[in-house]
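Bear in mind these aren't lab numbers, they're just calculated from the coordinates by the rules spelled out. What you are looking at is a predicted structure, and each value in this text was computed from that prediction instead of being measured. Cβ: placed from backbone, ideal geometry, glycine included. Neighbour counts: every protein chain shown.
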Amino acid sequence: MTSLLLLIASLIVFAIAAYLFKIGNLLDTLSQKPTEGKDPKTNHQQAVLFLILTVVGFVLFFSYAYQAAEKYILPQAAVHLSSISSLFWITMTLILVVFVLTHVVLFFFAYKYRYRPGRKAYFHHDNHKLEILWTLVPAVVLSVLIFKGLSYWQEITAPAPENAEVVELSAYQFAWASRYPGKDGKLGRADFKLIDSENRTGVDFRRDENAQDDFMPRVMHLPKGKPVKIRIRALDVIHSFYAPHFGAQTYAIPGMPTVFWFTPSKTTNEMREELKDPDFNYEIACNKICGRGHFSMRYILVVDEPEEYEEWYTQQSPWIQKHPEYLSPKSREEPLSQKSNNL
Amino acid sequence: MSNTQHTHSENFLNRYVFSTDHKTIAKQFLITGVLWAIIGLGMSALFRLQLGYPELDLSCLKPLFGSYITEGGKLDSEYYLALITMHGTIMVFFVLTAGLSGTFSNLLIPLQLGARDMASGFLNMLSYWAFFLSSVVMLASLFVELGPASAGWTIYPPLSALPQAIGGSGLGMTLWLFSMALFIASVLLGGINYITTIMNLRTKGMSFMRMPLTIWSFLLAAILGLITFPVLLSAALLLIFDRSFGTSFYLSDIYIAGEALHHTGGSPLLFQHLFWFLGHPEVYIVMLPALGIASEVISVHSRKPIFGHKAMIGSLMLISFLSIVVWAHHMFVSGMNPFLGSVFMLLTLLIAIPSSVKTFNYLATLWRGNIRFSLPMLFAIGLVSFFISGGLTGLLLGNAVLDIVLHDTYFVVAHFHIVMGAASSFGLLTGIYHWYPKLFGRMLNERLGYIHFWISFIGIYAVFIPLHFVGLAGFPRRYYAFTNFDLFDSFTDLNALVTIAALVTFLGQVVFLFNFFHSMFYGRKAPPNPWEANTLEWTTPSAKPLSHGNWPGDIPEVHRWPYDYSHPLHKEDFVPQHIPLSPKEKEKSE
């Protein structure tokens, strides 16, 4: 019923619009108003509209940007974010200044030099000094941005420090799995051919010594104040490790493990206090389109004080201890005979 | 109808369908492009509804979309991905490449150069019909059982290679690749023709420096297309091999749907490099014609010569060159060697220099002009505004360090929609409003045009300015819903606002469509030179060149550059290119 009413209403609106259009056209023909942009009245209206829009637009934009700052400036929890955010705000300030100035000039010129009958424009089309000026100034400003950018980029993408904690993070449709090297500090080998529903990331538990103490917790933990190196794997399609609070983002690519390292600077508890939100958790998201469940690849990351982290680390039991059946020959080597046993 | 040079009989079929006349082909490109724009924008309206109002009951769309609307009246999450993929593909390739470049290169190159037609009318016809076939195939892919291609318009493998990964990577993806192959053929056929015509068929006196900036931009866009589209074709071919013949160019170490695939040694990054080698210049293949059109229109309607003519040409060339060597800025966080990131960041930020030269030259052209706010001028000013707003945020995204934070967030969506989507669409609209009289011999209705402009201009800003904030907050693009993360639970208000603005802007285009088709038959008859412009296309005896050959008599000869507006030695404020220099001018130039 409502849709029928809506349909009728929109038909009426459409009919009225069509009539107004016809009447307007008739009036135009009768009044023989000059067209093709040569009507001073229309020109004035349009120029004023641009001015109004500039003022209203800037007021709305800046007042919202000021009010909502808390909503769009994320709290930071990694050391390297300070250089990222300083460069961000330098660039942003520059952008806003240029944005406002050029728009003021654009719309002011459009207003000031709007058409008036009988006037002729100023025939002027070259000024080498001006051209050189507005080539050089952007070039100089850019070289500052480029220089700063390059030096920060080199710091952030430099190889991880030797003492970094190593964690492996695997992405697959549509979940994450993390793996820690355990007491020996060495991650066991992994191969996609060993993947099955039980051993979801294909770790070589059967043959590799280093894999024996690897553990795979449900939630990822990291220590505060210590560099951590995330080894990122993808098991099926491309995913992307994306942790906004830590300024961390790198693709996860099948067949080509990638790395991102950073130093967490705030524990989960500290962040909870700062935000006055006892339920706060750091989240990892997937940021490369990966299929139906792309929007739901959530993983929780907890940052602990170093002592808490050590304690948590030692409490974890190796994966293979939790899944002893994985090594038993009955279930592994002879899946067929197992099937017949069931019968 | 036919003039002395062309005496072959004309019937409906070879006049309107398999025509080799560049003006008819331009109209064919334009109308096909407009139809695609309706489909592409309609898709965005649908997925904006999902993003702004995820609770909305869409059961009423079930007759149209069938099982893509779930039992609960929600959009299916996989179909959401199909929609964004097809929206991107359609808008970038079918609307802004074929619709913009195809229409105006075809219309203006012969007319503004003083040629009777393209160098090869036949190739030109093939170019349109390849595009048409490609359109048919792409359209067909919307109706296959598991949906059209759904791996994003960038179709990164393995997602696009494996039907197990997403439904759209089955038949939908095959049709996508087939359609793109045809599309590339169309672009290449067109491009070769544009370049040949510009090199060889300029009328007497039309030196390169006397060519309008529109022609310069079409030339450079055609060259870019010829260099880069074949690379996309090769990327697509290798992907076809991987998909259908078991090769491993892009695939390695994959366990999917309970099975470890045999592929080893391939590199998904290889595809990204190949794709963006086209994908980035493609932005400029779309953008350059829009900028060229804006240069011409701003000069005509300000009644002033374009400021810094040589600098404009130089910056167009520099932008074109740089656009070929910046592709990997789309891959800063892809895990490629960080040294590459440094190089590509340096080259990327350099593009800001020629771009700001262009911007300042536009502003200087307006200075002390006599600006007529006709419809094309409004859209051209809007284009400059978008070019500035969207271009500036490129300074953030082009910086590899900041890209770590901003990559693939809504900030990117906002950036490229303003600088590429909105600015180029406004280029298309500027062109339509300016050359409509030339295309159809009638004027568009002014009042409807003003309504259309203000709805679109304000609407587009209302859609994309808020998305910058959403992006800064870290919201990832291509998310079907933001309900699964605490991190992304803010901004429901802004997302709703954006959806409303998008719907209003979309409905605003209905005004344009009505104007476009209505004025074709009922618009006011156009005078031969409605905008009092200098370029040669306005020297045909009536607004709409009636026949093959464009000019009934001799082709006009060119004596001056196209920007003699408000010349102090002339009483009129415009001096068309075919008017010989007056004795006073000759004196001065000597």
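The three principal axes of the Cα atoms in region B:490-590 give end-to-end lengths of 69, 36, 22 Å, sorted in falling order. Mean sequence separation of contacting Cα pairs (under 8 Å, at least six apart), scaled by the length of chain A, corresponds to a relative contact order of 15 percent. In summary, the lysines within cross-link reach of B:Lys438, defined as a Cα separation below 16 angstrom excluding same-chain residues under 8 places away, comprise B:Lys23, B:Lys27, B:Lys525, B:Lys544. In this structure the amide hydrogen of A:Asp126, modeled in the peptide plane, comes within under 5 Å of the amide hydrogens of B:Gly308, none closer than 5 places in sequence on its chain.
Pairs of alpha carbons in region B:470-516 separated by more than 18 Å make up 44% of all such pairs.
For chain B, the relative contact order works out to 16 percent when only alpha carbon pairs closer than 8 Å and six or more residues apart are counted. Look at the dipole of the protein assembly as shown built from charges on Cβ: of A:Leu4, B:Gly449, B:Phe416, the Cα furthest out on the positive end belongs to B:Gly449.
The phi torsions of region B:24-30, fed into the Karplus equation with coefficients 6.51, -1.76 and 1.60 and a -60° offset, translate into couplings of 5, 5, 4, 5, 4, 4, 4 Hz, rounded to whole numbers, with Gly and Pro shown as x. Inter-chain Cβ neighbour count for B:228-237, averaged per residue, equals 0 (cutoff 10 Å, partner chain atoms only).
Comparing A:Thr250, A:Thr267, A:Thr91 in a Gaussian network model of chain A where C-alpha atoms under 10 Å apart are linked, the largest mean-square fluctuation is found at A:Thr91. Using alpha-carbon positions, what is the distance between the centroids of region B:49-116 and region B:368-392, in Å? One Cα centre to the other: 26 Å. 3J(HN,Hα) along region B:34-44: 5, 4, 5, 4, 4, 5, x, 6, x, 4, 5 Hz, from the Karplus curve 6.51 cos²θ - 1.76 cosθ + 1.60 with θ = phi - 60°, whole Hz, x for Gly and Pro.
Residues considered: A:Arg218, A:Arg119, A:Arg207. Largest GNM mean-square fluctuation over chain A, using C-alpha springs under 10 Å, is found at A:Arg119.
First measure r as the distance between the Cβ atoms of A:Arg206 and B:Ala257, then evaluate 1/(1 + (r/R0)^6) with R0 = 22 Å and state the FRET efficiency to the nearest 0.05.
Details: r = 24 Å, r/R0 = 1.09.
With R0 = 22 Å, the Cβ-Cβ based efficiency is 0.35.
Applying a DSSP loop filter and a limit of 15 other Cβ atoms within 10 Å to the chymotrypsin sites (Phe, Trp or Tyr not before Pro) in region B:347-425 leaves nothing.
Here region A:165-329 is described by how far its Cα atoms reach on the three principal axes: 52, 37, 24 Å, from widest to narrowest.
If you take all other residues with their beta carbon under 13 Å from the beta carbon of A:Glu273, and give Lys and Arg +1 and Asp and Glu -1, the sum is -1.
Order of B:Asp403, A:Asp277 from fewest to most other C-beta atoms within 10 Å? Don't skip to the end; give the middle numbers.
Values: B:Asp403 26, A:Asp277 11.
Least to most surrounded, the residues fall as A:Asp277, B:Asp403.
Extending 7 Å from the Cα toward the beta-carbon at both A:Asn25 and B:Phe143 defines two label points whose distance is 3.4 nm.
Taking a ≥ b ≥ c as the square roots of the Cα gyration tensor eigenvalues, with a/c under 1.5 meaning rounded and otherwise prolate when a/b beats b/c, else oblate, which class fits chain A?
Working: a/c = 3.06, a/b = 1.96, b/c = 1.56.
The shape class here is prolate.
Averaged over the residues of A:291-303, the number of partner chain Cβ atoms lying within 10 Å of the residue Cβ comes to 5.
Placing a pseudo-label 7 Å from each Cα along the Cα-to-Cβ vector at A:Ile300 and A:Asp279 gives an inter-label distance of 1.2 nm. Ignoring aspartates and glutamates fewer than eight residues from A:Lys148 along the same chain, the ones with Cα atoms less than 17 angstrom from its Cα are B:Asp403. The phi-based Karplus calculation (6.51 cos²θ - 1.76 cosθ + 1.60; θ = phi - 60°) puts the 3J(HN,Hα) values of region A:188-197 at x, 5, 9, 9, 5, 6, 8, 5, 8, 5 Hz, whole numbers, x for Gly and Pro. Around the amide H of A:Val302, modelled in the peptide plane, lie the amide H atoms of A:Met220, A:His221, A:Leu222, all under 5 Å away and 5 or more residues distant in sequence or on another chain. With Cα atoms as the point set, the radius of gyration and Dmax of region B:1-156 evaluate to 19.9, 67 Å. Loop-located GluC sites (Glu not before Pro) across region A:127-214 with a Cβ neighbour count of 16 or fewer within 10 Å are A:Glu162, A:Glu198, with loop assigned by DSSP.
Nearest 5 is fine: what % of DSSP beta bridges in region A:165-329 come out antiparallel, could you say?
Values: 23 of 35 bridges.
So the antiparallel bridges in region A:165-329 amount to around 65 percent.
Between the amide H of A:Ala190 and those of A:Asp204, distances stay under 5 Å, these residues lying 5 or more places away or on another chain, with hydrogens modeled in the peptide plane. So, in Å, what gap is there between the alpha-carbon centers of region A:237-316 and region B:127-164? Between the Cα centre of region A:237-316 and that of region B:127-164, the gap is 35 Å. Computed over neighbours whose Cβ is under 15 Å from that of B:Phe516, the net charge equals +4, Lys and Arg +1, Asp and Glu -1. For the residues A:Leu51, A:Leu20, A:Leu130, a GNM of chain A with alpha-carbon springs under 10 Å puts the largest fluctuation on A:Leu20.
Put simply, the convex hull of the Cα atoms in region A:89-190 casts, on average, a shadow of 14.1 nm². Note on region B:295-319 and region A:96-161: Cα centroid distance 16 Å, given to the nearest whole angstrom. The modelled label-to-label distance for the pair A:Lys129/B:Tyr16, using points 7 Å beyond Cα in the direction of Cβ, is 6.1 nm. Extent of the protein assembly as shown along its three principal axes (Cα atoms, max minus min coordinate, largest first): 99, 62, 56 Å.
Note on B:435-446: average number of Cβ atoms from other chains within 10 Å of each residue's Cβ is 1. Let a ≥ b ≥ c be the square roots of the eigenvalues of the Cα gyration tensor of chain B; is it rounded (a/c under 1.5), or, if not, prolate (a/b larger than b/c) or oblate? Prolate shape, in that a/c is at least 1.5 and a/b is the bigger ratio. Taking a straight Cα-Cα cut-off under 16 Å and skipping sequence neighbours fewer than 8 places away in the same chain, the lysines within cross-link reach of A:Lys41 are A:Lys33, A:Lys112.
Provide the net charge surrounding B:Gly66, with neighbours chosen by a C-beta distance below 15 Å and charges set as Lys +1, Arg +1, Asp -1, Glu -1. Net of charged neighbours comes to -2. Dividing the summed helix terms, -39500 (n - 2.57) for each DSSP H run of n ≥ 4, by the number of residues in chain B produces a 222 nm estimate of -19500 deg cm²/dmol to the nearest 500.
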